[in-house]
Amino acid sequence: MKVLKTLMNFYLNASLHVALAVVSFTYISYWDLQLEVSNTVIGFVFFATVLGYNFVKYLGFHVIFEKGRPTWYRLIEILSIFSLAMVLSYVSRFKSDLLIALCFMTLLTFFYAMPISIKGSNSITMNNLRGLSGVKVFIIATVWTFTTVVIPIMDARGMLLLGDLILVIQRFLWVLILMIPFEIRDLKYDHKSLGTIPQVLGVFNAKIAGYIMLCVICLLEFLKTSISVTQTLILVTVILITALLIWKSEKKQSEYYSSFWVEGIPILWLGLILVFRQF
């Protein structure tokens, strides 16, 4: 049991679970848009997520070596270095316009975690973007949406079409929704200045906001030019499961409620697609 718990902690702390969730969302985009899956994009998305999340979580990885940390935390640094090498190998295969867009996302991720400090005659120190009131969740939603929707489209077609905006909006809303249980859990830790959704609206109203966004996602689905019965049934199933998880979200959660079950919604969604596409 102890070994299982250790493996689970490594799986979650090394950002492997979130990487699988982001990859799952990317596969879902390919399926939704009926594009051919690119192994290069999938590989890039997985390793870039591992690298990015570990960088944000451990701020350059120096936290891994603090006293009291399990020795296997050092494996996270090795994994992150390997992920960096893989990201660089995949990036070399992308077109120039996609590389430019990736540079902006990389800068956004960097300044999300690292504080901005300008020294001169008048010393100016700014908090990182994560610390700006009401900004955190929208930056995360922007990065996830760009990674799981914009990158596959730009790699396949070179540009976004007007019809793609429906999926862009849906994915942005999905990430906001999945963040609600995390923000409810972290209410006792987050400083009030962060302006998270539950801090601004309260726990009950944050859940209501999540339900409204789920309804918007469902309505947007019917604006698409081509939808199938299977696609609709899977979406409704995922929406109902997500609504249940939001309803059960409380300040006091089990250890893996948000970090495993809620974050695993995209993985479950992809699993349903792979099962039902066989029929």
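Would you mind checking the radius of gyration and Dmax of segment 144-279 based on alpha-carbon positions, in Å?
Cα only, segment 144-279: 16.1, 50 Å (Rg, Dmax).
Which value results when the Cα radius of gyration for the chain is divided by 2.2 N^0.38 Å?
The value comes to 1.03.
Filter the DSSP H helices in the chain by two things, a Kyte-Doolittle mean of at least 0.5 and an axial alpha-carbon span of 30 angstrom or more, and list the hits by number.
On the way: long enough: 164-185 (33 Å, 1.61).
Both cut-offs are met by 164-185.
Cut-off under 29 Å on the C-alpha distance; same-chain residues fewer than 8 positions from LYS248 excluded. Which lysines are left, in chain and number order?
In chain and number order, the partners are LYS2, LYS5, LYS57, LYS136, LYS188, LYS192, LYS207.
None of the figures in this text is laboratory data; all of them are computed from the coordinates on show. Computed from a prediction, not measured in an experiment: that's the story for all the values here.
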